[in-house]
Every structure is written in structure tokens, then in C-alpha cells.
Amino acid sequence: MSAYRRHTGSFRSAILALALLAASGSSARAELTIDITRGNIEPMPIAITRLVGEGDEGRLGQEIARVVSADLQRSGLFRPIDQRAFIQKPEAMKVRPRFGDWRQINAQALVNGLIEREADGRVKVTFRLWDVFAERQLTGFIYRSVRTSWRRIAHKIADDIYKRITGELGYFDTRIVYIAESGPADRRVKRLAIMDQDGANHAFLTNGRDLVLTPRFSPTAQEITYLSYFHDQPRVYILNIDTGQQEVVGDFPNMTFAPRFSPDGNRVIMSLATDGNSDLYTMDLRTREFRRLTENPAIDTSPSYSPDGGQIAFNSDRGGSQQIYVMDADSKKVRRISFGAGRYATPVWSPRGDLIAFTKMHKGQFYIGVMDPDGKRERLLTSGFLVEGPTWAPNGRVLLFFRQSPGVGSEEGETRLYSIDLTGYNERLMVTPIDASDPAWSPLIP
Amino acid sequence: MRTKFVIFFAALFLVAACETVPEETASTAGAGAAAETTTSAGVSGEAVSTEPSSTEVSTAMPAGPTPGTQEDLVVNVGDRIFFDFDKAVIMAAAEKTLKRQAAWLKQYGGVTVTVEGHCDERGTREYNLALGERRANAVKNYLVALGVDAGRIATISYGKERPEALGHNEAAWSQNRRGVTAVN
């Protein structure tokens, strides 16, 4: 079954669409789309030609096409066609593609473009997305940047294509911050690391001397909040990615942990332990005002704001076992929302506001799932010996989490990042240089 | 610290070999009080206080742990207690260890300690940080209730970040759900 289709009819397959369009002789109302709300869809065949340019620019044009193809392929929604199958040369498309040539290789969508060097040394990229059957341009943009930022141009093009075809915002021009792990489990070295969403431009942000955990991106600034055991004192820190400057959040005698930014980026919400009891607090980063949100002898941790800032999902064992609760940010009224079998943890509000992702533990298995903010319609997306720590792509359609395998015999298992569609399909390993945990997805880079 | 432990335990095994200390006692001392969960009896390091049976052996014997040190605590008192899954309640077996720890801390009044709270890997990271904090404080509170000055006891939670046993089964997890008293 295919989920890409044209809005003119209820037909579901490309071939049917082709037949019908040919029969009607009209394509004016046809709209090339993918309905990504459905699972297990057949990827849309798309031809992505190298961007045409002179010399070095031409070579860069091929690299950009390769990155765009890889982005779209990983989404599971597109099937880039091998360039060797192309009939029409990219150079010959400067005016208009010869659509028959692309229909012949079953391309539904076609991407072509130009890359030029500007007088100031920057590159200028023009790209167009075409509906092969309707024979018309769907979208097109011009991007200029310094040459070294060519990957961002590629990701932006992939985002444009994704948005035009699916109707949803893209998520390719983003970064992932996570914890890179190495060494034996009892002396594990953990470092803050960052990379583009496709694994490129990987960098370690800390040197591994201090244990670091649970990083989260600021929604508004190039900052990360995380937990560091600097001087054997577990405290919440903020790291400026550009300057490398680290700053402890507040000055507390006890452990602070589980930090997240508020949606406006002005506050950090986190747990503070006092005499062994963890409660939730917020710290206003401008006024340094510290505000207590929970006052309960139970564990209160793993807070996550709703996108409008009005509610806070969090993890608590106040009812006797680990469950998910939602607090109204103003009234501080709390209600439990997880009622299924097992223990629930790590609630993370979707950027769209419509779902809460979580980790669930039941009968020795761990699960990643989603539920409505009222706790209804729980769906489990994946499971394993240990899966934990979901984080949302900025469009709320894809999740990242980490999966730890127990290993076989004396062989230690691996801990790796995986992405999965909201539908539960398209689970994919995210390649990292070494073991990886605690991923956090950035917002779309402005 | 780790190197010192290794050297010390190596010496201990030497003594055990010379002296034919009953095997289970030797292994108990060697693992600190780690055998506690498996035997459910309060145990630890009686072996070392055993007098050597001959002068010949005693000349070969190391001096033994310096009183008031971490080694002394591990061998003669027991540096750790264990918890049930997702619990921070001090169990009966642990009470015996903590009573010895309290007496030891009173004996060496200049010693300050940090109680580490640890968890097994069968929980989520942040919840386990909170649980480890709860466990560390349960140990601290118990010692304080027995008369140890609270100012001498710091706490730290490592959650599931520093397992002692590396297996992925209940035998390992029961060793990792622990409160460890470490001399500063």
C-alpha cells in the first residue's frame, strides 16, 4: 500500500495515479503529497540530480545532492532513484525538465538546480522541486552561504522538499546533542557530544574527566543544559556551544539534576534534592529567581513543559510507583495521567503539543511509547532490554532514543541511538563514533 | 585508592593461604560486605582480626589496615549495605553493618565520610539519580540516629552510573542497589 497520492482522487498507487492522470489528460488539480500520519508507507520515488556548476562548484553540487538524498532516504518516506538510471543530463534541464524522461524511470518527484560561486566567494544554490506527472514546479528556493556551510544548504533543501510533499515542517537542518560513552561500565567515561542530525560535523564538547548526563537544547539559544559531576558535585550546568563557556545554574548545597529549558528559553526547570527528597523547581535565568513547584515526600523528576508553557509533565512515585503526572503551571494542580500496567518515566512533551512520549518498564522489558496529554490512547513504538530517553524531532513526527543491549556472555553490549517514526515504523540506527545515550534533538536551526 | 585495595587484598590472600583461614571467611573479607545479600546475615571481615597462629606467619603478615582508613572500614566494619528493588528502606541485615559503621565513626571522630547511593540498571537515569539520593540519605539518617554528627556525613547519588557488578541479571543488580560509605 502506498500513502503518497494525489488529492484529485482516492487512488493510492503511483501507477494508478499515472494511469488516471493520463486518462484525464489534466493535471492542474493534482497534488503530489505523502500522508505521513499513516504507518508503513511505500517510499515515494524521487530523482535528485546533482546541482550543475563549474569545476569545484560542480563537485560540491554533487555532494549537496548526495546529502539531500541521504536525508530524504532516512526519513523512510522517499526513495531516491540511482543517478545512473537518469536519462536526461542535469545540464540539459536549465530551462525545463523533459518530464517524459523522468516518468520513464518512475520518478514521481524531481529535484534539480544550479550552484554558482559569487564574487565574495560564497556559494549560491538554486534548486527546484518538480511534480513529474503534473509537469509543474512545486517549490524552489535560492540559498547563499559561505562554502563551508554547504551541508546546511543541503539540509535546508531536504527540509523544503519534505515540507512541500508532506505538509509538515522538516527536521533535517538540526543537530543532536548526546552523551558519548566509552570504557567499562563501572568506570564509564561519558562526554557531551554534538553532531548534525545526519551524524556529520561530530564534536566532543567535554573531555570526559567529569561524568556528564542528560543534555537538553535551549529552544532559543546555542546553549545546552545538562548534569555534570564537576568536583564530585552533581549540579545542573549551562554550556554555550559557541564559546564553550560553562556555568552552574544556581548555587545549591545539594544535587540538582534533570534540567530542561522552558519553551521561551528563559527558565530552567529541574529537580533539587533536599535531605534525599527530590522536588521540582524553576530558575529564571535572567532574574535568578528560584521557585519551588512541588512539595512532596516522593521523588519528583524528569519535568517537561508543554510547548505553550502552561503545563508540566513529570515523573513521580507519589502514588507508590513511578508514574507520569501533569501539573498546571499556574495553579500547580497535579493529576496522574499514566494508568497502564508497569512503571512510567521520562515524559517528553511533543513540540506539536499533541502527545507525550515516555519510557515504560513492565515485566523486565523497557518500552518507548506515546500517549495523549490526558493519558489516553497509549501506543508503544518499540521495546527492548533497555530503551530509554525519547526526544522529539522539532516537527513532532520522529523520535530519537537510546537502546542498550545486555551483551552476550562476558561480551558487553552496545548502547546506541535510534530514530523511529511516530507511527512505530522506520526504526534506524543513528551512527555515532562510539556508544551513545541521552540524545536530545535541537530545534530547527534558525 | 583502587591500587591500594588491590595490594591490600593480594596481601590478604597471602595470609589466607599461609594460615588456612576458612575459605568463606576469606572471601567475605575479600568482597567487603558484598556477601550480605546472598547470606542475608550481617557479615564482614572477621577474618583479618584473627590472630596469626605462629610467629613465622606473623612476620610474613602485612601490618593490616591502618585504623580509621577506608581499608579498615571495608575489612573490619563493612563499607556497604544493599537495598531492595526501587526501595530505600534499611533492611535488617543492613542495620547490623550500619551499627558497626556508627561505632567505628565514633571511634575515629576525625574521620568524615561520603555516603554514595547507587541503583541497578533497571530504572531510568533521572529517577535513579533521585533514588540513589534517597538511599544515600537513608544511610546517613540511620548513622545520625545512632549518634554520628550529621556534619561528618556527606551524600552523593550516582544513580545507575557506577555499577559494582557488571552482569545483567538479578545477582548483579542486587549488588548494585547499594549504599557505600567512603572515607573522605
task = Hey, could you check the stretch A:413-441 for residues that are among the small types (Gly, Ala, Ser) and modelled with pLDDT under 95 and say which is farthest from the chain's Cα centre (by Cα)?
result = A:Gly413
query = For the stretch A:119-133, does any single residue satisfy the condition of being surrounded by 19 or more Cβ atoms within 10 Å (Cβ to Cβ) and part of a loop (DSSP other than H, G, I, E, B)?
reply = yes
remark   = Of the residues in the stretch A:213-227, those that are among the aromatic types (Phe, Trp, Tyr) and more than 14 Å from chain B (Cβ to nearest Cβ) number 1
request  = Scan the stretch A:405-428 residue by residue and report those that are over 20 Å from A:Phe204 (Cβ atoms), aliphatic (A, V, I, L, M) and more than 14 Å from every other protein chain (Cβ to nearest Cβ).
outcome  = A:Ile420, A:Leu422
remark   = Of the residues in the stretch A:299-338, those that are within 18 Å of A:Val370 (Cβ to Cβ), more than 14 Å from chain B (Cβ to nearest Cβ) and assigned to a strand (DSSP E or B) come to A:Tyr305, A:Gln311, A:Ile312, A:Val326, A:Arg336
inquiry  = Can you name every one of the strands (runs of 3 or more DSSP E) wholly within the stretch A:339-446 that holds 3 or more residues which are surrounded by 16 or more Cβ atoms within 10 Å (Cβ to Cβ)?
reply    = A:343-349, A:356-362, A:365-371, A:379-384, A:386-392, A:398-404, A:415-421, A:435-441
inquiry  = Need a quick list: strands (runs of 3 or more DSSP E) entirely within the stretch A:228-273 having at least 1 residues that are more than 19 Å from A:Ser316 (Cβ to Cβ) and within 14 Å of another protein chain (Cβ to nearest Cβ).
reply    = A:235-240
query = Restricted to the stretch B:159-176, and to residues that are more than 8 Å from every other protein chain (Cβ to nearest Cβ) and out of contact with any helix residue (DSSP H, G or I) (no Cβ under 6 Å at 6 or more places or on another chain), which residue is farthest from B:Tyr108 (Cα to Cα)?
reply = B:Asn169
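Go through the stretch A:297-325 and give me each residue that's surrounded by 15 or more Cβ atoms within 10 Å (Cβ to Cβ) and of a type in the set (S, T, N, Q).
Filtering the stretch A:297-325 down to residues surrounded by 15 or more Cβ atoms within 10 Å (Cβ to Cβ) leaves A:298-307, A:311-318, A:322-325.
Residues satisfying the conditions are A:Thr301, A:Ser302, A:Ser304, A:Ser306, A:Gln311, A:Asn315, A:Ser316, A:Gln322, A:Gln323.
Surrounded by 24 or more Cβ atoms within 10 Å (Cβ to Cβ), within 9 Å of chain A (Cβ to nearest Cβ) and in contact (Cβ under 8 Å) with a residue 60 or more places away in the chain - does that describe any residue in the stretch B:104-116? Even if it seems obvious, please write down each step before you answer.
Residues of the stretch B:104-116 surrounded by 24 or more Cβ atoms within 10 Å (Cβ to Cβ): B:105, B:113, B:115.
Keeping just the survivors that are within 9 Å of chain A (Cβ to nearest Cβ) gives none.
Checked against the condition, which is being surrounded by 24 or more Cβ atoms within 10 Å (Cβ to Cβ), within 9 Å of chain A (Cβ to nearest Cβ) and in contact (Cβ under 8 Å) with a residue 60 or more places away in the chain, the stretch B:104-116 yields no hits at all.
Of the residues that make up the stretch A:280-290, is at least one under 18 Å from A:Asp372 (Cβ atoms) and assigned by TED's automatic domain parsing to the domain that holds A:Val387? Walk me through it before giving the result.
Taking the stretch A:280-290 as the starting set, the residues that turn out to be under 18 Å from A:Asp372 (Cβ atoms) are none.
For the stretch A:280-290, residues under 18 Å from A:Asp372 (Cβ atoms) and assigned by TED's automatic domain parsing to the domain that holds A:Val387: absent.
Evaluate the stretch A:188-202: report whether one residue or more is on the phi > 0 side of the Ramachandran plot, in a strand (DSSP E or B) and not charged (D, E, K, R). Outline the logic, then answer.
Applying the first criterion (on the phi > 0 side of the Ramachandran plot) to the stretch A:188-202 yields A:199, A:201.
Right, trim to in a strand (DSSP E or B) and you get none.
There is no residue in the stretch A:188-202 that is on the phi > 0 side of the Ramachandran plot, in a strand (DSSP E or B) and not charged (D, E, K, R).
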task = Among the numbered conditions (1) out of contact with any Asp or Glu (no Cβ under 9 Å at 6 or more places or on another chain); (2) over 30 Å from A:Leu386 (Cβ atoms); (3) surrounded by fewer than 23 Cβ atoms within 10 Å (Cβ to Cβ), tell me where B:Leu98 comes up short.
result = (3)
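Could you grab me the full set of residues in the stretch B:118-134 that are within 8 Å of chain A (Cβ to nearest Cβ) and buried (at least 24 other Cβ atoms within 10 Å of the Cβ)? Give the derivation first.
Let us first name the residues in the stretch B:118-134 that are within 8 Å of chain A (Cβ to nearest Cβ), namely B:121-127, B:129-131, B:133-134.
Scanning the stretch B:118-134 gives B:Gly123, B:Thr124, B:Arg125, B:Glu126, B:Tyr127, B:Leu129, B:Ala130, B:Leu131, B:Glu133, B:Arg134.
Would you be able to say whether some residue in the stretch A:240-254 is in contact (Cβ under 8 Å) with a residue 40 or more places away in the chain and under 13 Å from A:Val177 (Cβ atoms)?
The answer is yes, given that some residue of the stretch A:240-254 is in contact (Cβ under 8 Å) with a residue 40 or more places away in the chain and under 13 Å from A:Val177 (Cβ atoms).
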inquiry  = With the structure loaded, tell me whether B:Ala130 is more than 18 Å from the chain's Cα centre (by Cα), among the small types (Gly, Ala, Ser) and either farther than 17 Å from B:Gly78 by Cα or at pLDDT 95 or above (or both) or whether it fails that test.
reply    = yes
task = Scan the stretch A:147-178 residue by residue and report those that are among the β-branched types (Val, Ile, Thr), surrounded by fewer than 22 Cβ atoms within 10 Å (Cβ to Cβ) and closer than 16 Å to A:Gly61 by Cβ.
result = A:Thr148
query = For residues in the stretch B:156-184 being under 15 Å from the mean Cα position of the chain (by Cα) and β-branched (Val, Ile, Thr), which is surrounded by the fewest Cβ atoms within 10 Å (Cβ to Cβ)?
reply = B:Val183
note = Within the stretch A:184-221, the count of residues that are of a type in the set (Gly, Ala, Ser), modelled with pLDDT of 95 or more and more than 24 Å from A:Ala393 (Cα to Cα) comes to 1
task = Search the stretch A:143-158 for residues being part of a helix (DSSP H, G or I) and among the small types (Gly, Ala, Ser), and hand back the single one that is nearest to A:Tyr171 (Cα to Cα).
result = A:Ala158
ask   = Among the numbered criteria (1) surrounded by 16 or more Cβ atoms within 10 Å (Cβ to Cβ); (2) touching an Asp or Glu at 6+ places or on another chain (Cβ under 9 Å), which single criterion is violated by A:Arg144?
value = (1)
remark   = Scanning the stretch A:282-296 residue by residue, those surrounded by fewer than 21 Cβ atoms within 10 Å (Cβ to Cβ) and within 14 Å of chain B (Cβ to nearest Cβ) turn out to be A:Asn296
note = All-but-one check, A:Ser69 against (1) crowded, with 18+ Cβ neighbours inside 10 Å; (2) of a type in the set (S, T, N, Q); (3) at pLDDT below 50, failing number (3)
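Given the options A:Asp160, A:Asp210, A:Asp186, name the one that is within 14 Å of chain B (Cβ to nearest Cβ) and more than 21 Å from A:Thr432 (Cα to Cα). Can you show your working first?
On the way: A:Asp160 fails: within 14 Å of chain B (Cβ to nearest Cβ); A:Asp210 fails: more than 21 Å from A:Thr432 (Cα to Cα).
Just a single option satisfies the conditions, and that option is A:Asp186.
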ask   = Hey, does the stretch A:86-103 have a residue that's in contact (Cβ under 8 Å) with a residue 60 or more places away in the chain and surrounded by fewer than 23 Cβ atoms within 10 Å (Cβ to Cβ)?
value = yes
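The values are calculated or read from the model by the stated rules, or taken from the named source; none is laboratory data. Only a predicted model underlies this, so the values are computations on that prediction, with no experimental measurement involved. Counting neighbours? That spans all protein chains shown, and the Cβs are built from the backbone with ideal geometry, glycine included.
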